[in-house]
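The values are calculated or read from the model by the stated rules, or taken from the named source; none is laboratory data. Remember, predicted model here, so these are calculated numbers, not experimental data. Please note: Cβ atoms are built from the backbone with ideal geometry, for glycine as well, and neighbour counts cover all protein chains shown. Quick note on the areas: whole protein, heavy atoms, side chains included, nothing else; ligands and nucleic acids left out. Shrake-Rupley method; radii C 1.70, N 1.55, O 1.52, S 1.80 Å.
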Amino acid sequence: MVDNPQRAVWVLTTEGRGASEAEVNEVRNRRRAESAAVRKAAPTAPIPAAATAELEVEDVPATDELEEFADDAWQNALLNVIKAMTAPAFERLARQILLGLGFSHVDVVGRSGDGGIDLLGTVRLNNVLSFRILAQCKRYKETVGPGDIRNFRGAMQGRTDKGIFITSGRYTSEAYKEASRDGVPSIDLVDGSALVKLLKDLKMGVETRLVERVTIKPDFFNGI
């Protein structure tokens, strides 16, 4: 019903927005009972004298709602989740990311047909200087080409000199060249790979569980 994209920030999910008070209370009571059961059933057996054990730093009980991934498989899995989102939801996700990166204000304007501009953000420096950044969000499944970059730059003209293009896909080499072409406002590009890493760093929809590896060496104790 709620998501915790970053510390001290809680966001209602679609289910949360439509939940009744009775449903909220039922979930709260069930979670309390589950937490109590986990604490009661926690193992207390000692670690073997000679063993290699992996100890979880965070005591987070596993649930059916959590899916864990090894190595880099999580990136493709997360991209698939993002690509399944609707375009408006992807714009709202991009807004949350920009806010998490330190933008002081971000508005979603894409639904009003604002000339190809999806987000309007404000960055404030030292609480004195501020400048406006426009962003376009494309939940592409394939590639973004130079034509898309040129169209976005045209929509930016006369409004700001700084833009961000965010996609769940990838950019062609010509798109990168167009984004940094001399004589025109530059555009920062965020592709799918950078997008999932940002979500991981900002802890938005991604939970990282650190594991500490402890090796016990009996020879040390035998030699005392």
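Summary table below
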{"item": "Proximal lysines to LYS203, defined as alpha-carbon separation beneath 30 angstrom and excluding residues fewer than eight positions away on the same chain", "result": "LYS40, LYS83, LYS138, LYS141, LYS162"}
{"item": "Estimated FRET transfer efficiency when R0 is 45 angstrom, pair THR160-VAL214 (beta carbons, to 0.05)", "result": "0.30"}
{"item": "Potential lengthening between LYS141 and THR13 on full extension [0.36 nm per residue; Cα-Cα distance subtracted]", "result": "43.7 nm"}
{"item": "Of all accessible heavy-atom area on segment 67-224, the percent that carbon and sulfur account for (1.4 Å)", "result": "50"}
{"item": "Percent of beta bridges antiparallel (DSSP, segment 103-202, rounded to nearest 5)", "result": "50"}
{"item": "Length released on extending from LEU125 to PHE221, taking residue separation times 0.36 nm less the Cα-Cα span", "result": "28.8 nm"}
{"item": "Two-site FRET efficiency, LEU101 against ARG32, from Cβ-Cβ distance with R₀ of 25 Å, rounded to 0.05", "result": "0.10"}
{"item": "Evaluated over segment 145-188, the Cα radius of gyration and Dmax, each in Å", "result": "9.8, 28"}
{"item": "Estimated FRET transfer efficiency (LYS200, ALA22; beta-carbon r; R0 45 Å; 0.05)", "result": "0.80"}
